[in-house]
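Taken together, the values in this text are just the output of simple stated rules run on the coordinates, not laboratory data. As the structure is a computational prediction, the values presented were derived from the model and not from experiment. Cβ atoms come from the backbone with ideal geometry, glycine included; neighbour counts cover every protein chain shown.
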Ligand code: 13P
């Protein structure tokens with residue numbers, strides 16, 4: 001059975017005071033949840049998360065990493081640095097990185113390899129734009145994005161991936177894919193993973209992201225191939241994030 005993963009993507013939000021409140025609220029409210037939980041935070045706050053969450057069941061991680069190991073790469077953060085702060089996860093290929101920073105499939109694949117080599121769990125994001133969906137290209141787009149990663153990793157590494165389906169048109173818009181729409185894409189992604197590595201593909205957590213909220217989480221998470229959520233806006237309020245965690249199990 002796949003364990004449900006609820007991961008928060010704080011994006012470029014937070015400050016030390018607000019983070020302290022949010023993390024304290026999560027620690028207090030999480031209870032004995034069987035759900036796996038992680039928060040992916042801006043790099044400057046990794047130390048704060050490490051200090052606040054080390055003795056808890058909540059993991060933490062980053063939202064991007066460099067393809068390079070070290071050296072003259074001003075502004076970049078390496079996989080080893082994330083490892084140094086005991087990160088569990090790192091988001092890779094988020095649509096905001098793809099569109100705002102020109103990250104292409106090849107770069108995403110390099111980043112996934114950097115994360116895997118450092119023992120981090122990459123959360124590989126894929127998803128179509130509204131224009132691509134309306135043109136009937138969803139399957140082609142998400143398959144291409146995932147295959148670009150699968151083509152560069154060893155079969156034994158497939159089981160170390162987390163995949164997140166994030167339709168671009170649903171991110172931060174309040175528009176959510178219906179459970180059936182999301183499930184259809186998750187099934188395609190599962191099929192791609194299993195084509196590469198049958199047993200491991202069945203075990204990979206595939207998350208849905210895009211306006212997942214307390215009031216729609218339960219029906220999305222009830223779908224057979226939706227194994228969790230990658231939560232943006234609703235991860236910034238302890239009550240909302242906890243409500244999604246508790247809806248998950
Ligand atoms: P929202 O939950 O704010 O739509 O963001 C989703 C997302 O992009 C998570 O990575």
Open item on the list: Could you identify which residue out of 222, 234, 115 has the top mean-square fluctuation in a GNM of the chain using Cα springs shorter than 10 Å?
Closed with: 222
Task: Label-point gap, in nm, between residue 3 and residue 16 - each point 7 angstrom along Cα→Cβ - done: 3.2 nm
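I need the Kirkwood Rh of segment 141-185: take the reciprocal of the average 1/r across all distinct C-alpha pairs and report it in angstrom.
On the way: mean 1/r = 0.0812 Å⁻¹.
By the Kirkwood definition, the hydrodynamic radius is 12.3 Å.
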TODO: Let me have the 222 nm mean residue ellipticity of the chain computed from DSSP H runs of 4+ only, each contributing -39500 (n - 2.57), with the sum over all residues rounded to the nearest 500.
DONE: -12000 deg cm²/dmol
- [ ] Once you've got the GNM for the chain with C-alpha springs shorter than 10 Å, pick whichever of 226, 58, 123 has the biggest mean-square fluctuation.
- [x] 58
- [ ] Determine, for each peptide in 240-246, 161-167, the mean count of other beta carbons within 10 angstrom over its residues, then list the peptides with the highest first.
- [x] 161-167, 240-246
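Based on the Kirkwood radius over alpha-carbon pairs, what value in µm²/s does the Stokes-Einstein equation return for the translational diffusion coefficient of segment 92-196 at 4 °C and 1.567 mPa s? Before the final figure, lay out the partial values.
Working: Rh = 14.0 Å.
Value of D from the Cα-based Kirkwood radius: 93 µm²/s.
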TODO: Please state, to two decimals, what the Cα-based radius of gyration of the chain comes to when divided by 2.2 N^0.38 Å (N = residues).
DONE: 0.93
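Based on other C-beta atoms within 10 Å, arrange 65, 130 from fewest to most.
Details: 65 27, 130 13.
In increasing order of surrounding Cβ atoms, one gets 130, 65.
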Task: Residue among 56, 74, 152 with the largest mean-square fluctuation in a Gaussian network model of the chain, springs linking Cα atoms under 10 Å - done: 74
